Every structure is written in C-alpha cells, then in structure tokens.
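Here's the structure, in structure tokens; my notes come after.
Bear in mind these aren't lab numbers, they're just calculated from the coordinates by the rules spelled out. None of these values were measured; they are calculated from a predicted model. No Cβ is skipped: glycine too gets one built from the backbone with ideal geometry, and neighbour counts run over all protein chains shown.
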Amino acid sequence: MRSLRREAVIVLMGTILAVGCQRHLTDEEKSKVAALTREQGEIARNITATEEETKKFGGLVQALAQVRLDILKTNEALVTQQIHAIETGAKVVIQVSAQQPDPTKAEQIHEEMLKVQEEIARTRRESSGGLIGALNLANVATQENTLAMLEQGYLAAKYGLAPFQTLPTAVASASPTSSPPPPEVSLASIAGDGPFGFTMGMKADQFGAQLNALQDGYYSLTTAPRPHPSFERYILQLTDNQGLCWVKGIGHELPSNSFGLSIRSAFEELESGLDERYGRGKKTDQLIPGSIWSDGKDWMMALRKKERYLFKIWDQKSGSSLSNSLTNISLMAVADSGDEGHIEVEYSFANAQECDRALKERKNKNL
C-alpha cells in the first residue's frame with residue numbers, strides 16, 4: 001500500500017470538488033462555513049503571493065516556492081471540499097486518516113505556526129545581498145514550506161478535516177440529468193508525436209471513458225497513447241477552449257536504501273533519455289544549508305523532509321531544444337518514505353498559461 005506521502009502527491013492534483021444541491025444549514029453549520037471561507041481566502045492570498053514568487057526567483061528558491069505552492073493548493077482543496085460537504089449534506093463514505101476536531105492540538109499547532117512566522121520575519125530582517133542573501137532566501141522559502149505544512153495540520157485539527165477523501169457517493173449521483181458515459185476508445189489510435197503520445201490541444205472527449213475527472217480542469221489516466229514503462233499514472237490539464245495544455249507522468253513506487261541509490265539511478269536513466277531528446281537542461285541536486293540530514297546515509301530522509309532536492313528543468317533559459325509545442329519539462333525525485341520513492345516528470349505546452357488563466361477565472365467568477 002502506498003504511503004500517505006505518496007497519496008498526497010496524487011491528491012494534490014486530484015482532490016474532488018463536490019457539487020450538489022444547497023440545503024438549509026443550521027446556525028452551527030453556517031458558522032463553520034464562514035470560518036472555513038475565511039481560511040479559504042487567506043490560503044488563496046498565500047497562493048497568489050507564492051505564484052508571484054515562482055516568477056520572481058529562479059533556481060533553488062523557485063523550486064522551494066513551487067513545493068510550497070503545491071502544499072497550499074492541497075490545503076485550499078481540503079477546505080473547499082469541506083465547505084461543499086457541509087453545504088450539500090453529502091456523506092463521505094471513505095475517509096483515510098480521518099479525525100475529529102481537536103481544539104487543544106489545533107492551539108498547539110497554532111503556537112508553533114507563530115514561532116515559525118517569527119523566525120521567517122527574523123530571517124528576512126537579516127537578509128542581505130550576495131551569497132549570504134541567497135542562502136537566507138532559501139532558508140525563508142524552507143521555513144515557509146514548514147509553515148504551509150503546519151497550516152495543513154492546523155486545519156485538520158481545528159475542523160476535523162480528513163486529509164484525503166473520496167468523492168461523496170451522494171454527490172456523485174446527485175445530478176438526475178447526468179450524461180451517458182463516454183465510449184471506450186483506443187488511446188493508441190489518437191497518439192501524436194508529443195510526450196507519451198500526447199499533443200497540445202487534445203480534447204477530453206478524445207480519451208473516452210478512460211479519462212477520470214479530478215478537480216476542475218484536471219484528469220487522470222492509468223495509461224497513455226504511448227505509455228512509458230517507468231510511469232504508472234498520468235495527470236492531464238485540459239480546458240474546453242484550449243484542450244490539453246499540461247501532462248504529468250507519475251512513476252512506479254521504487255524501494256530504496258537510505259542512500260537513495262535506486263531513486264537516483266531511476267532519475268539518471270530518465271534524465272539521460274530527456275537529455276538525448278531535448279538537449280541539456282539545468283539540474284539541481286541540493287541539500288539545504290543547515291540540514292541535519294547531511295550524511296550520505298540520510299539522502300532519502302533529507303529528500304522526504306524537503307531539505308534535499310533533486311530535479312532538472314529543460315526550457316529555453318537552460319538552452320534546451322524543445323519541440324512539439326513544449327515550453328517546459330521538469331523531472332523530479334520524490335521520497336514517499338525513508339525507503340520508498342518515485343520519479344515524476346511534467347510537460348508544459350505553449351497554451352499552459354491560457355489554461356491556468358481560464359481555470360482561475362472560472363474559479364473566481366462567483367466571488
């Protein structure tokens with residue numbers, strides 16, 4: 001069975017937003033929805049700020065900001081899911097790591113959050129130019145990632161959120177006018193010359209019944225038009241107007257020793273293949289300064305604790321020769337535990353920004 005860390009990666013793209021009929025809420029439920037909505041707004045502001053940071057900085061700081069962005073989006077999805085569950089009255093039939101609200105634990109985590117916030121403010125005050133300033137920026141980014149994870153635990157303790165929930169059955173069958181299931185299709189028949197046989201602009205109906213909806217604009221496939229043996233699942237971003245604009249391949253879970261030899265070997269094998277096709281990219285194999293997991297035998301633990309990063313990016317800045325309407329490729333090693341991990345690869349097409357803009361506008365249209 002996959003670890004919770006591994007599931008978090010999948011749920012990051014796949015938290016389901018419940019849709020259904022509004023019902024009459026009690027005063028207690030209204031109060032809870034209001035509190036969750038405030039949390040939702042604060043998370044959204046942090047997401048916007050972090051998105052700006054990913055554009056402003058490069059290298060390690062940008063990579064750390066991207067990790068924080070993933071955590072914040074998971075937090076946002078958790079809160080949104082809970083709001084919909086309260087408003088629709090849907091019963092969640094399967095919950096993993098579910099828990100009851102724990103005000104004492106929530107208060108303890110909140111106190112820890114305040115300490116981290118104070119440490120972030122202190123580090124920012126001490127920032128300067130040059131190498132020391134760059135290291136301080138990396139330390140701030142690491143501290144902010146810790147803060148985002150603490151926030152996730154705080155939300156779970158305060159509101160009793162289950163970090164990973166399936167689509168409520170009552171909601172899944174709520175619409176009496178749901179359309180018939182799409183037909184089965186052979187993915188090989190639609191294969192193009194892009195990564196895994198995907199090409200920019202592919203429409204959702206081309207994949208038929210094999211395409212599984214996740215959150216708004218995101219879908220999963222257990223195979224691809226041209227699957228690669230190193231990957232077991234594929235996440236797609238599509239919109240009605242732009243079609244396919246982003247693809248992620250999620251690798252098989254790999255057992256590893258504490259030195260991370262099998263994870264590093266798998267990364268290097270895929271790195272070599274991508275270098276051969278797209279040219280040399282920019283690689284980061286970095287241990288965060290000050291990490292206690294600095295020994296060679298701590299490689300997997302440092303990766304799991306987000307104090308070590310192994311990733312590579314292919315784009316115009318790194319001198320890569322991209323084709324098939326691609327603008328960016330990233331390869332990343334992920335530790336699911338101290339002795340298991342996997343590899344992920346992401347491909348962004350030229351219409352990715354348009355897709356992001358369309359999904360953001362759709363999300364905010366009712367504000």
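General remarks:
- When peptides 337-343, 295-301 are ranked by their average number of other Cβ atoms within 10 Å per residue, the highest-first order is 337-343, 295-301.
- Once backbone amide H atoms are built at 1.01 Å from N, residue 340 has 256 as its partners under 5 Å, excluding neighbours fewer than 5 places away on the same chain.
- Of the peptides 281-287, 243-249, the ranking by mean beta-carbon count within 10 Å, highest at the top, reads 243-249, 281-287.
- Straight-line cross-link reach from residue 297 at under 13 Å between alpha-carbon atoms covers these aspartates and glutamates, not counting any fewer than eight positions away in the same chain: 339.
- Per-residue 3J(HN,Hα) values for region 211-223, derived from phi via the Karplus relation 6.51 cos²θ - 1.76 cosθ + 1.60 with θ = phi - 60°, read 8, 10, 6, 10, 7, 3, x, 10, 9, 10, 9, 8, 8 Hz in sequence order (x marks Gly and Pro).
- A DSSP coil position with no more than 13 other Cβ atoms inside 10 Å describes the following GluC sites (Glu not before Pro) in region 184-282: 184.
- Backbone geometry of region 296-303 corresponds, through the Karplus equation with coefficients 6.51, -1.76 and 1.60 at θ = phi - 60°, to 3J(HN,Hα) couplings of x, 6, 9, 4, 5, 5, 5, 5 Hz, x marking Gly and Pro.
- With the simple model of a label 7 Å out from the Cα in the direction of the Cβ, residue 24 to residue 284 spans 5.4 nm.
- Pairs with C-alpha atoms separated by more than 22 Å, drawn from the list 105/306; 203/248; 248/306; 248/360; 32/158, are 105/306.
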